[in-house]
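The values are calculated or read from the model by the stated rules, or taken from the named source; none is laboratory data. Nothing here was measured: the structure is a model prediction, and the numbers come from that model. So basically every Cβ, Gly included, is an ideal-geometry build from the backbone, and we count neighbours across all protein chains shown.
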Amino acid sequence: MTAMKRLFLLAACLLAFSAQGFAAQEIRIGVLSDLSGATSDVGKPYAEGIMDCVKWLNEVAYVPGHSITALQVDYAYNAQQAITAYKKFVSSDHIVALQGWGTQDTEALTGFVAKDRIPTLSASYSAHLTDPKKSPYNFFIAADYSTQLRGALKFFKDSWKESRPPKLALVYPNHPYGLAPIPAGKDYAKEIGYDLVGEENVDLKALDATPQLLALKGKAPDFVWVGGTTASTAVILKDAKKLGLGATFITNIWGSDESLPKLAGEAAEGAYSLQTSVVYGADVPGMEIIKKITNGEPQMIHYIRGFASMLTMAEGLKLAAAAGKLDGPGIKAALETLRDFDPLGLTPPVSFFPDDHRPNMTAFLFKIEGGKLIKAGESTLPRKPEWLGK
Amino acid sequence: MHGHCGLFFTSYRAEEAVFPSPVQRVWLYAFLAVYLCLPFFLNAYLVSILDLIHIAIIAAVSLNLLTGCCGQISLGHGAFLGVGAFAAGALSAAGWPFPLDMLAGGAAAALVGLFFGLPSLRLKGIYLAIATLAAQIILEYVFLHAGALTGGSNGLLVEPASLFGYAFDTDQKFFYPSLAVAAASLLAVTNIMRSRAGRAFVAIRDYYLSAEIVGVNLFAYKLKAFAVSSFMAGMAGALWAHYLMYITPEQFNIGLSISYLAMIIIGGLGSVLGSVFGAVFITVLPEVLSAVAGAAGQLFPDVSSSLLAMKQGVFGLVLVLFLIFEPEGLVHRWRLVKAYWKLYPFAH
């Protein structure tokens, strides 16, 4: 080979490289958000977390040689609008992955995403979505509702000092999301030695929970699990304070956030909140990025979970791109190779397996002190196969 | 009535004909011929909207029979759809073939509708509305807690509809069975309205006492209206279940019932064609608004989230404006347009 030829080859290689650098390939993902519907109070910050993360991912070229285009649709927590938005994503926009939101859209689309092979990350943490046999293309990055409840039960049982068994009461709405973890929670409570003394239903739109709490008061529970949304939790906590129900309250992931102390005031003090991510301002690497994007403006915890969800999806996209398989099955396979992937400290490490889509078994416990969420500990359970999907 | 100048009838039979003039028949067949070819030319997104419109038409026309024609307000129509969906889903899981499980779903919904129609004997107007609201709440509770049948809070997986081994598992394929059921429902309601039963329904709606005096059995006809209406709603629910492949109690909430009421009010109470217009309008409007919001969001990327969120507000506003400026529904506007062109250019 002559020197001239070599030079040509080098130039050609360089050109090819730079061309690839310039023409970053586009990865299209769909983002279904609730910005105006029933769950928009928490849906909006979650969606902002996703969209901000996409901006950051593109800034740092997280997926080499590719840019991510996030197409956002507000489906107003309406199943029908979620379906048509999804159909448009798939047939007109040719997305390769989907960021979903709540129970309504996630469950309505479970059948479609499995058929169209579109990996979907959402914020509907029902345990039945973690079983790939039933929902092969569904993922999420938080411990499921059942695991969270089990984790909380274990946490409080471990620190229980008295000789009698702790008395537990469950308060939840008569709603798919509220009911989801109840059978698992009851079984586990019995298994590790709780005394289940009462169960009450408080509606998500309740304005008063006095009758239910009066019924519980006579049974003097030590711990009360509250499943619901922040609005219903605030009602429960205020009425409990009014009635002098001296129990420790544990609220689930959607039942408390930064707005709970504002809604419930003093009554929220001392309540525990189950979460699966850090709060704004925590000392983790990812927070530096978030602080920079948000100009130091505090964000709700849902924003952080949205950010982490997108970050985890991007890791899947990166692995799939490296393997040259940037399509639905390729991204699913890439996500299923994640082992203890750390979303920059924002959530506990995430692993997915081909036969087990539980991201991790860790729940964080925050305590509301002085109107703020202060981390009180965390609880990690073993990945028991018999708990999968339940 | 709305026929051509010079078009007159010499018998009731002729006046009650589905197509008062052969021209209308030809137009409808031409429309159907074009419509049947649409799935070959449209993408899955647009066909999915048509599929959802078909289901909405079945639900709307059945509610219009009950509420628009017979005057029995129902706030539980979404739940009746749910009964059909869960019944068909459970039967399909037990091995029943597609059209049978849909008919059985319709039958189950008809039975439930009959039961919840019983209060209509004593209750009227707003009181009946509350009674049917109770039906909605009770049925939602049942969906959530009848774990073995409905899957409870986890929901129910349903196989796509299939006939003789041919699965209607894409939007394009599902277009045809859903259209067939929608067309059959429209034809059924049109014919019911031309029969003794239809006249009895209208009599009950207009004034129950006069209806009873001229010999209409209020009890029997009100229950018939509930049963027929719920039967069709149940079939719509079965189609929904097969289309979605995954049903949960949340899908059949009060919001769904209200959106069907909105369809028939916007379309035109008591009109079969109005049900179609309403179903199309309520299904397509959010899509149009989404497209507009999306396009506007690309022009102003910084406020794209806020623009998207405005969609719901605009949706509500459009409905209110519609009720103010076209209280008789889209079907009335359609008649005005038709009349205008019929007389063109000699409008008087």
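Scanning segment B:1-18 for residues that are modelled with pLDDT of 60 or more and either touching an Asp or Glu at 6+ places or on another chain (Cβ under 8 Å) or exposed (fewer than 10 other Cβ atoms within 10 Å of the Cβ) (or both) yields a count of 8.
Go through the residues of segment A:55-70 one by one and say whether even a single one is touching a residue at least 12 places away in the same chain (Cβ under 8 Å), surrounded by fewer than 24 Cβ atoms within 10 Å (Cβ to Cβ), within 11 Å of chain B (Cβ to nearest Cβ) and in contact with a helix residue (DSSP H, G or I) (Cβ under 6 Å, 6 or more places away or on another chain). Yes, segment A:55-70 contains at least one residue that is touching a residue at least 12 places away in the same chain (Cβ under 8 Å), surrounded by fewer than 24 Cβ atoms within 10 Å (Cβ to Cβ), within 11 Å of chain B (Cβ to nearest Cβ) and in contact with a helix residue (DSSP H, G or I) (Cβ under 6 Å, 6 or more places away or on another chain). Residues considered: B:331, B:320. Of these, the only one that is more than 10 Å from chain A (Cβ to nearest Cβ) and without any contact (Cβ under 8 Å) to a residue 12 or more places away in the chain is B:320. Of the listed requirements (1) assigned by TED's automatic domain parsing to the domain that holds residue A:177; (2) surrounded by fewer than 19 Cβ atoms within 10 Å (Cβ to Cβ); (3) in contact with an Asp or Glu (Cβ under 9 Å, 6 or more places away or on another chain), residue A:262 misses just one: (3). One residue stands out among those in segment A:30-82 that are aromatic (Phe, Trp, Tyr) and touching a Lys or Arg at 6+ places or on another chain (Cβ under 7 Å): the one that is nearest to residue A:232 (Cα to Cα), which is A:46. Of the listed requirements (1) within 10 Å of chain B (Cβ to nearest Cβ); (2) touching a His at 6+ places or on another chain (Cβ under 7 Å), residue A:93 misses just one: (2). Candidates in segment A:102-141 are the residues that are over 16 Å from residue A:305 (Cβ atoms) and among the aromatic types (Phe, Trp, Tyr); of these, the one that is surrounded by the fewest Cβ atoms within 10 Å (Cβ to Cβ) is A:112. Consider segment A:33-54 and keep the residues that are more than 11 Å from every other protein chain (Cβ to nearest Cβ) and of a type in the set (Ser, Thr, Tyr). The one that is farthest from residue B:294 (Cα to Cα) is A:39.
Scanning segment B:197-242 for residues that are hydroxyl-bearing (Ser, Thr, Tyr) and touching a residue at least 60 places away in the same chain (Cβ under 8 Å), which turns out farthest from residue B:86 (Cα to Cα)? That would be B:208. The residue list B:258, B:282, B:254 contains one member that is loosely packed, with under 15 Cβ neighbours inside 10 Å, within 14 Å of chain A (Cβ to nearest Cβ) and closer than 19 Å to residue B:64 by Cα, which is B:258.
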